[in-house]
Amino acid sequence: MVVLGIVAADPEPTYGYRIAHRLKQSGMGQIKGGTLYPVLARLEAEGLIASSWGEGDGGPGRKFITITPFGRDELKRRAEEWRAFIRIALDVLPDELDS
Amino acid sequence: MTNQVLGRWSSWRDKAILELRMKNVPGHEIGEILSEVETHVEETGETPDDAFGDPVIYARKRAASIEVAPNDASSLITSAIGGGIGGLILAHSAWQLGAGQPVLGGIPAWIGLLLGVAVLAFVFHRIEPDLITDPRSGRALDSVRSM
């Protein structure tokens, strides 16, 4: 879902390397290609993102990725579920632990 | 790519291809997976092993999420039988033509020859190679064409 959020936040079609870079910038750590691309393939199979190959910036051809309208709806729904879950978890956890 | 990097990439790619083929992943999907790896390592400067790990394990991971058609045994058997019949008609007709005799049923041998060629052409036309295509160029990968 975080990867979907990164794709959705990009105003332009994005690509694997850029997504990995954004994930690192957002504090998610270094995500290896071997982890990222299977996730992207799964998101595409679910119809949440779409991809097409195009020219890179003077480099190799890139697989550009965009979020689909269904992906945006799902992201909104899943984000709300996560927020609800986090609220419950925070309610359960004590504010401070007794020493 | 330098020769060393190219050699490492070729080795990684060939191992991945073998595993993906063994898992019946269609050629266009294999091309997609390999192109992702190649462009990623070219952009990051990482090696395929660093970025994607062991090629066999990565291939298995990707194959597991792709719906693959089971081996079409009936199509293979039909092609084998068709090829056998076509070859028999051709060989028998050629033999009879050489002997100046008609084929079975009094049909002229040259018609039998044409029939045999037609059957074989039909059978071979049905067998389409599942080439691995590069989605960036639409071309089949050279190293795979010869496999």
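So here's what we get for this one:
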{"item": "Reachable lysines, given that their alpha-carbon falls under 20 Å from the alpha-carbon of B:Lys23 and they are not under 8 places away in the same chain", "result": "B:Lys15, B:Lys61"}
{"item": "Cα-based Rg of the protein assembly as shown normalised by 2.2 N^0.38 Å, two decimals", "result": "1.52"}
{"item": "Surface/4 of the Cα convex hull for region B:1-119, nm²", "result": "11.3"}
{"item": "21 Å tail of the calculated P(r), chain A, as % of Cα pairs", "result": "44"}
{"item": "With Cα atoms, 0 to 90° folded angle of helix A:33-45 axis to chain A main axis", "result": "90"}
{"item": "Value of relative contact order over chain B, rounded to a whole percent, pairs C-alpha under 8 Å and six or more apart", "result": "27"}
{"item": "Simple label model, 7 Å out from Cα along Cβ direction - B:Ala118 to B:Leu104, nm", "result": "1.7"}
{"item": "As computed over region B:73-126, the Cα convex hull volume per residue (Å³)", "result": "56"}
{"item": "DSSP-loop GluC sites (Glu not before Pro) across region A:34-90, with at most 11 other Cβ within 10 angstrom", "result": "A:Glu55"}
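Read the figures in this text as sums done on the coordinates, not as results from a lab. Since this is a predicted model, take the numbers as computed values, not measurements. All Cβ positions, even for glycine, are placed from backbone atoms using ideal geometry, and neighbour counts span all protein chains on display.
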